[in-house]
Amino acid sequence: MNEKTGYNTIFTVDENLHAGWNYAKWEDPEDYPTYRFYRFYSSAEGGCTINEITFTGVETVQNEDSTYTCEVKAIVGDEEVTLNSVEYQGALTTNL
């Protein structure tokens, strides 16, 4: 999906929202959301007031190769600039 044209709803807050810690947890690994960007949206004023968010246990690149190259782009406003690629090497990257 193009992040500039649409969004997928992966979680909707319901009446169980309360002051303090609120959690969204996916039990089945096949259901884990794997997106590059996450957007918080509310039609209510102040509905996206968030003090802290933590993402845990998410593999961002599902690839078993010994190296992986990522394209790097900087987007400011409507201008997109392609930068030098970054190559990750398994032998040099810390395992979590």
- Query: Could you give the nm distance between label points at residue 30 and residue 17, where each point is 7 Å from its Cα heading toward the beta carbon?
  - Reply: 3.1 nm
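Got the relative contact order for the chain handy, in percent, Cα pairs under 8 Å and 6 or more residues apart?
16 percent
At 20 °C and 1.002 mPa s, what whole-number value in µm²/s does Stokes-Einstein give for the translational diffusion of segment 10-76, with Rh from the Kirkwood sum over Cα pairs? Don't skip to the end; give the middle numbers.
Numbers: Rh = 15.5 Å.
Reported coefficient: 138 µm²/s.
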- Which of 81, 13, 72 moves the most in a Gaussian network model of the chain with Cα springs under 10 Å? 81
- Item | Options 18, 61, 93, ranked by Cα towards positive dipole end of the chain, top entry (Cβ charges) | 18
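All of the numbers you see were taken from the coordinates with simple rules; none came from a lab. What you are looking at is a predicted structure, and each value in this text was computed from that prediction instead of being measured. As a convention, Cβ positions derive from the backbone with ideal geometry for all residues, glycine included, and neighbour counts pool all protein chains shown.
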